[in-house]
Amino acid sequence: MLSKKKFLFISFILLFIFAFKQADDYFEVSKNIEIFGGVYKEIHTGYVDEIKPGDLMKKGIDAMLMSLDPYTNFYTESQAEDAMIMRSGEYGGIGCSSVKRGDYQFINIVYRGLAADKAGLRVGDKIIEINGKSFIGKSLDESSDVLRGAPNTKVTLTIEREGQKKLVDILREDIKLKNVSYFGLINAETGYIKLDHFMMGAAKEVKDALLNLKQKGITNVVLDLRDNGGGLLHEAVGIVNVFVGVNQLVVTTKGRSDEAYREYRTLDQVTDATIPLVVLVNTHSASASEIVCGAIQDFDRGVIIGRNTYGKGLVQNTKGLPYGTQMKLTIAKYYIPSNRCIQLLDYSHRNADGSAGIVPDSMRKAFKTQNGRTVFDGGGVKPDVVVPENKLTNMTKSLEKNFFIFDFATHYRSEHENIKEIKNFKLTDMDFAEFKNYVNTHNFNYNTISEIALTTLKEKAIEEDYIGTLKNEIEALENSLKAIKMKDLEKNKDEILELLRSEIARRYYYEEAVIESTFTADSDVLKALEVFNDKAQYQLILTVK
């Protein structure tokens, strides 16, 4: 055993080394800040062209942070305000969003009952001017800055609809975005909750949606986290608490500092600990979404269906900086109940080209769920039931990308004042014939892989002076491909009609109808119903294999 003198001596030496290292680190920080400041000053005062100091500093900071991870970010004063809106979901505005097409912006979402809806804006309206100022060629950020403002102030849009220009006066109001964009019934037994965000109040919205659905007699529930990129960690814990009892450890965060270590437990009585649950995920389900689905999996509380999640196991904290700026800093990794971290990319050990390396399968460790099922770290959350992604054909992708689906839905709305309620709304063969005519008269063109190969062949034939010999054969192939392409519309009829049905539904019944319209063709939802209908299969999935 160490004597008291030896113990004090060793303690003194360790304290001295620690203090020396702190002083050395402080000197390195101070030295490099001074060097950076010197470079910045010399550029500002002596560079041959005039520069904007703020822009230069922003680029320098962004480049420095880029060497860390994609989630450590610097925000200017205006960006800090936008970030606050994203956390709270509250702002003064009109309640719609737009999409950029060339030099123009088109309204693509109008939220039910909000200012834009009350003023009569429609999906498909083309924005020409805002407050008398042309917005042709302007960015989405520029229009967003103008459309937001204090509640009860007016903004005037000049829009084009059906070839006619129209002035629309809109009174801004307090906008509170919903975390749960939709909840309802898939069938009499199965409820569905679509969670889009993890902003403040997300857990309460999920709880309220579940209670509402239970009053309607559901015996199963689907929680849809697909395309949900995450948000507030404590809301994720609260959502797990809706399905899991009090005082359960959901997340542990661990970082370089002692302050980064925190345990997050469920705080309230469970809302429903037994109702059969399916959670839908895909490759765009990240961060807080992965906490929820990972915890549900680790507790064996429900079945995860879909595709592997994104793999973001990092925690950020927002730090205030001078002059209203902010920094979002990655401070820790998080660990879900089985004690696994699902972080996929390793930003501390980059590849030779500077990209972050993926954690190899050989380095992934095995962990156990509450029931003893084997799960792995380092690669997102792997669903219990993997459903292949429904991929659109190249033609349908091209129709969607070039806004033919969007524009025809707008045209359809101008020709039909009303449609049946969404569950009874079907497009007819006559509607499809009209769409084909619309496509053919609006210069739709897309290149098939075969056409691209034929173009390459033609170029090589010209280059090698074979074009004279092969001209007739190449022209015959070109004509054959054109004829085949005309049949592609018919070949992809069902897929195209499904997209048209959803896009047209948005013109009449808002975003809720878009979700409802997909239930009958959504492979993930159909798989969830299959699992619910076979109780033995549901239980088997959650037991040790």
- Query: For the chain, what relative contact order do you get, as a whole percent, if you take Cα pairs closer than 8 Å and at least 6 residues apart?
  - Reply: 11
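Quick one: length gained pulling Ser480 to Leu68 fully straight, 0.36 nm per residue minus the C-alpha distance? Each step should come with its number before you reach the end.
Details: separation 412, 0.36 × 412 = 148.32 nm, distance 5.30 nm.
Extending this stretch completely gives an extra 143.0 nm.
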- How far is the Cα center of segment 134-193 from the Cα center of segment 279-328, in Å? 27
- Estimated FRET transfer efficiency when R0 is 45 angstrom, pair Lys204-Glu459 (beta carbons, to 0.05): 0.15
- Message: Under 20 Å between alpha carbons, and skipping anything fewer than 8 positions from Lys165 in its own chain: which aspartates and glutamates qualify?
- Response: Asp103, Asp117, Asp125, Glu129, Asp407, Glu415, Glu417
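Restricting to Cα atoms and excluding each atom paired with itself, what does the Kirkwood estimate give for segment 119-235 in Å? Mind dumping the intermediate values first?
Values: mean 1/r = 0.0579 Å⁻¹.
In segment 119-235 this quantity evaluates to 17.3 Å.
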- What is the spin-label model distance, in nm, from Asp494 to Lys52 if the labels are put 7 Å beyond Cα along the C-beta direction? 5.3
- Task: Calculate I(q)/I(0) for segment 424-545 by the Debye formula, one identical point scatterer on each C-alpha and no solvent, and give its log10 at q = 0.13, 0.14, 0.16 Å⁻¹ to two decimals.
- Result: -0.77, -0.81, -0.91
- Can you tell me which of 328-335, 281-288, 66-73, 32-39 comes out highest on packing, and rank the rest after it, using the mean Cβ neighbours within 10 Å? 281-288, 328-335, 66-73, 32-39
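Place the peptides 307-320, 386-399 in order of packing, highest mean first, counting for every residue the other Cβ atoms within 10 Å and averaging per peptide.
On the way: 307-320: 19.0, 386-399: 14.6.
Highest mean packing first, the order is 307-320, 386-399.
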- Straight-distance crosslink candidates among lysines, where the alpha carbon sits under 16 Å from Lys41 and sequence neighbours closer than 8 are dropped: Lys31, Lys52, Lys58, Lys59
- Under the rule of -39500 (n - 2.57) per DSSP H run of 4 or more residues, summed and divided by the residues of the chain, what mean residue ellipticity at 222 nm is obtained, to the nearest 500 deg cm²/dmol? -14000 deg cm²/dmol
- Message: Suppose each label sits 7 Å from its Cα in the direction of the beta carbon; what would the Lys165-Lys471 distance come out to in nanometres?
- Response: 5.1
- Item | Rel. contact order, % - alpha carbon contacts under 8 angstrom, at least six apart, segment 375-521 | 39
- Task: Grab the Cα-Cα distance for Glu263 and Glu90, subtract it from 0.36 nm times how many residues apart they are, and report the gain in nm with one decimal.
- Result: 59.4 nm
- Cα-based helix-to-principal-axis angle, 233-243 vs the chain, degrees rounded to 10: 70
- Task: Using Cα centres only, tell me the gap between segment 39-67 and segment 202-242 in whole Å.
- Result: 46
- Note on the structure: Ratio for segment 272-321, C-alpha Rg to 2.2 N^0.38 Å, reads 1.37
- Message: For the pairs Lys194/Lys214; Lys126/Lys491; Lys154/Lys176; Lys176/Lys207, flag any whose C-alpha to C-alpha distance is greater than 23 Å.
- Response: Lys126/Lys491
- Query: Which distance in Å, rounded to a whole number, links the C-alpha centroids of segment 389-421 and segment 473-503?
  - Reply: 15
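Taking 30 Å as the cut-off for C-alpha to C-alpha distance, list the pairs among Lys178/Lys493; Lys397/Lys423; Lys216/Lys423; Lys100/Lys333; Lys426/Lys527 that go past it. The partial results should precede the final answer.
On the way: Lys178/Lys493 35 Å; Lys397/Lys423 25 Å; Lys216/Lys423 18 Å; Lys100/Lys333 36 Å; Lys426/Lys527 23 Å.
Check vs 30 Å cut-off fails for Lys178/Lys493; Lys100/Lys333.
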- Sorted largest first, extent of segment 180-389 alpha carbons per principal axis (Å): 55, 46, 32
- Go through [x] 45, 31, 20; [y] 36, 29, 23; [z] 45, 34, 29 and flag the label whose value is the computed semi-axes √(5λ) of the Cα gyration tensor in Å for this structure. [z]
- Query: Which whole-Hz couplings ³J(HN,Hα) result when phi for each residue of segment 410-427 is put into the Karplus expression 6.51 cos²θ - 1.76 cosθ + 1.60, θ = phi - 60°, listed in order with x for Gly and Pro?
  - Reply: 5, 4, 4, 4, 6, 9, 10, 5, 9, 10, 5, 4, 4, 5, 10, 7, 10, 8
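All of the numbers you see were taken from the coordinates with simple rules; none came from a lab. This structure is a prediction, so every number in the text was calculated from the model and none was measured. Ideal geometry is used to build each Cβ from the backbone, glycine not excepted, and the neighbour counts take in all protein chains shown.
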